[in-house]
Amino acid sequence: MKFNLNVLQSFKINNYFYENFAMLFQFGFYSSVLLIFFTQGIIYSVLLLAKAVKIDNKSNYWLSLFIFLCSLYIAPWMLGFAGWYDNQPYRDILFYTPFQHLLFVGPIIFFYTQSLLNPSFKFSKKEALHLLPGFTYLMYIVAIWIYDKFILGDYYFYKDGMDKDFDDWYQKLGLLSMIVYFILSIRYYNVYKKLMLQVVSYADSILFKWIKTYLIAFLLMLLLPIIFDIMGYFFPEMKSYQGSWWFYLFFSIVMYYIAITGYSNPINSTIPFKMSFFDKNPILLLNSNNSDETETIIDIQYETFEEKNSPEIALWKSKIETIIQEEKLYQNPELTLADLAKKLETNASIISKTINQGFQMNFNDCINNYRIEAVKNSFANGEHKKSTLLGIAYDSGFNSKATFNRAFKKNTGKTPKEFIETL
């Protein structure tokens, strides 16, 4: 009898949970598809966080937070199709819980860009100010919740039955914020790219592909609401509840792409630097321990330099040519401006200035030109008949086939195979 009572009690408990919690999520086509992307976004957010902790990678912390915010962004539409807006207390949960943190997304992607490109980036009080608009919106929602639930005891702000996350002013302000931070990220990336071309001989391999990929993907996120607004004028059904689902589907696809490609990205920059958004040149290139005593000023505006035949430039140019050719420094695939300066027992600023004004090119192109000349000599000696083109390229200091082909075409106007045919 005791056994039967336990079975009956267990059955009642299970039945209670089924009746009260089965309606938490009404599975259907619209809700289920978004649920897949939502759960995958949360999973990748956790994976990125675990990866950040494991390898002490600051950029993955910010990417994890970005993917988490994107997952929350699609949650109201997913839960709405799952029946939450039609049932209590779930409707109030959606009303009084901000899921779309639009004013946080822009700063987070900007912090990710900085931490990805600059190992000296630190989140300080100055950076925290970027999050102030987001926290202000959170306080606004909390104030609404306190007034409706504890002061009035009824809907006042929500008497129209519309979620505040979808207020037109908030959506437009959030989009504007993300556009501003996207522009700042582009600016930061351009400075970084110019700096890498000035200080390393392997610039092509440092994040250029991934950073461009995720910025393009983020740009697509920004364009989606604009595209769907335009489509809404021609196809009014796109502005309906079900029509808007397509926007969240495409948004989820872009989010998922950023998540999986960002998680697989193994590269982070190792060159620390300082810069100002209001001063085009110069910037400060830091040493690895960020000591102010060894900061080096690097002018990244090499495109504007004119050739200067001063005795000092001519002297240093001769020294650079001699040591690179005699010691074949170009064969080092990870040669940096600092390495060359150390060899010549001077500072990187002098070497950078000499290369810019004496050789009329940046450091990366300068070293690649030496590598190309070495490849040409190998071709002239017939080594391409005994070795592969890629083997010759690696022996000359190149670290990838793509970089070799691009540099060779830039230097000679021909591909390596076309050049060999002219010998």
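The values are calculated or read from the model by the stated rules, or taken from the named source; none is laboratory data. Quick caveat, the model's predicted, so the values are computed rather than measured. Please note: Cβ atoms are built from the backbone with ideal geometry, for glycine as well, and neighbour counts cover all protein chains shown.
Tabulated values for the structure
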{"read-out": "Hits in the stretch 130-165 (condition: assigned to a helix (DSSP H, G or I), closer than 19 Å to Leu102 by Cβ and of a type in the set (D, E, K, R))", "value": "Lys164, Asp165"}
{"read-out": "Residue match in the stretch 95-105 (condition: of a type in the set (Val, Ile, Thr) and surrounded by fewer than 23 Cβ atoms within 10 Å (Cβ to Cβ))", "value": "yes"}
{"read-out": "Leading residue by the ranking (farthest from Tyr214 (Cα to Cα)) among those in the stretch 227-284 that are β-branched (Val, Ile, Thr) and modelled with pLDDT of 85 or more", "value": "Ile230"}
{"read-out": "Failed criterion for Phe419 (all others in (1) surrounded by 15 or more Cβ atoms within 10 Å (Cβ to Cβ); (2) in contact (Cβ under 8 Å) with a residue 40 or more places away in the chain; (3) under 18 Å from Gln198 (Cβ atoms) hold)", "value": "(3)"}
{"read-out": "Selection count, the stretch 285-324, where residues are at pLDDT 85 or above and under 25 Å from Ile372 (Cα atoms)", "value": "12"}
{"read-out": "Hits in the stretch 110-129 - residues which are part of a helix (DSSP H, G or I) and free of Cβ contacts under 8 Å to residues at least 40 places away in the same chain", "value": "Lys125, Lys126, Glu127, Ala128, Leu129"}
{"read-out": "Close pairs (7 angstrom Cβ cut-off, 6 or more residues apart or separate chains): at pLDDT 90 or above in the stretch 161-172, of a type in the set (Asp, Glu) and in a loop (DSSP other than H, G, I, E, B) anywhere", "value": "none"}
